[in-house]
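The structure appears right after this line, and notes come after that.
The numbers here are math on the coordinates, done by the rules we state, and not lab data. This is a predicted model, so every value here is computed, not measured. As a convention, Cβ positions derive from the backbone with ideal geometry for all residues, glycine included, and neighbour counts pool all protein chains shown.
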Amino acid sequence: MAAPPPRVLTIAGSDSGGCSGAPADLRTFAAYGVHGLCALTAVTAQSAAEVRAVEPLGPDLVRQQLETAEEIGIEAIKIGMLADAATVEVVASWLERLPPTPAVLDPVLRSTSGTALLDAEAIPMLVERLLPQLLLVTPNLFEAEALSGETITGLEEARNAARRIERMGPSVLVTGGHGYPAAASRSNGGTAGGGGEVTDLLFDGNRFEAFVHPRIRTRWRRGTGCTLSAAVAAGLGWHLPLQEAVRRAVAFVERALRGSYPLGRSGGHGTLDPMAGRRGRR
Ligand code: PXL
């Protein structure tokens, strides 16, 4: 019999369209060859274009999923959509009791189409109870602004936001995929994401590391943030050091974006493909 692969848990919402949340995380885990466990926090109904319904599953069911996952065994954790304060509280309390396990948070606040995926009143609890227990948090520019209170128009403010968030506990990866405002990226020599490159900034409390990679020109990018944080968690599940797990995850997302495909009648929406290069009939 084969030895079991690393076990990596996602704590996330379901996306019925299969682009983001737990479906994206589990595809990423499969591509990394880890055993994916899944504690769902909410069920969402989503067409290719919009989030039509969101239903949190409630703290009791979330707690039971976490406890059963713990019995199976977990080497690393990815946390995504948390929906409400009661769910944040259950996850934070469970982590406090869990033996130390590397955890990555994608601080999902709202969907691409603008639907709130975390109640605003839950943010202070996220900062106070959850962030101190995490190895890494992976905000995009909007989320980094919300967590730090810093307005970000360029790399310098992103560095300041990362410093502030790191003081709350975890290392920080500020993802630049949404692009810095054009003027700021020009003043940074055009390397801040406005042009042909994207800069993801990692700060571990001691030093910054910039991951600069080509901007993949696709409109079909749903699930990008989910996939990145799940890929880092999968790398940590394989016991990679954080820097190396991030480096590989950034490259993994680049490949997944190159393999992106359209969904829905208009063709204007679609998703990256964590299984890029691995698809096919068996
Ligand atoms: O991309 C953030 C995200 C995470 N999790 C779920 C989502 C979304 C965006 O729509 O639906 C379940």
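General observations
- In the chain, the C-alpha radius of gyration followed by the widest Cα-Cα span (Dmax) gives 17.6, 58 angstrom.
- Ranking 277, 131, 177 by Cα position along the charge dipole of the chain, where only Lys, Arg, Asp and Glu carry charges on their C-beta atoms, puts 277 farthest toward the positive end.
- Antiparallel DSSP beta bridges within the range 7-271, percent to nearest 5: 45 percent
- The alpha carbon convex hull volume per residue for the range 8-138 rounds to 95 Å³.
- A Cβ-based charge dipole, computed about the Cα centre of the chain with Lys and Arg at +1 and Asp and Glu at -1, lands at about 1340 debye.
- Packing-based order for 80-87, 249-256, using average beta carbon neighbours within 10 Å, highest first: 80-87, 249-256
- Using θ = phi - 60° in the Karplus curve 6.51 cos²θ - 1.76 cosθ + 1.60, the 3J(HN,Hα) couplings for the range 143-153 round to 5, 5, 5, 5, 6, 9, x, 8, 7, 10, 10 Hz; x is entered for Gly and Pro.
- Phi to ³J(HN,Hα) by Karplus 6.51 cos²θ - 1.76 cosθ + 1.60 over the range 15-26, Hz, x for Gly, Pro: 10, 4, x, x, 8, 10, x, 4, x, 5, 4, 5
- Listed peptides 235-241, 10-16 appear in the order 10-16, 235-241 once ranked by packing, highest mean of other Cβ atoms within 10 Å at the front.
- Residue 45 paired with residue 258, simple spin-label distance in nm, labels 7 Å along Cα-to-beta-carbon: 3.9 nm
- Distant-in-sequence amide H partners of residue 263 (H built 1.01 Å from N, under 5 Å): 269, 270, 271
- Backbone HN-Hα couplings from phi across the range 132-142 [Karplus 6.51/-1.76/1.60, Hz, Gly and Pro as x]: x, 9, 9, 7, 8, 10, 10, x, 7, 4, 4
- Computed over neighbours whose Cβ is under 10 Å from that of residue 198, the net charge equals -2, Lys and Arg +1, Asp and Glu -1.
- Packing around the peptides 218-230, 151-163, 131-143, 196-208, taken as the average count of other Cβ atoms within 10 Å per residue, puts them in this order, highest first: 218-230, 131-143, 151-163, 196-208.
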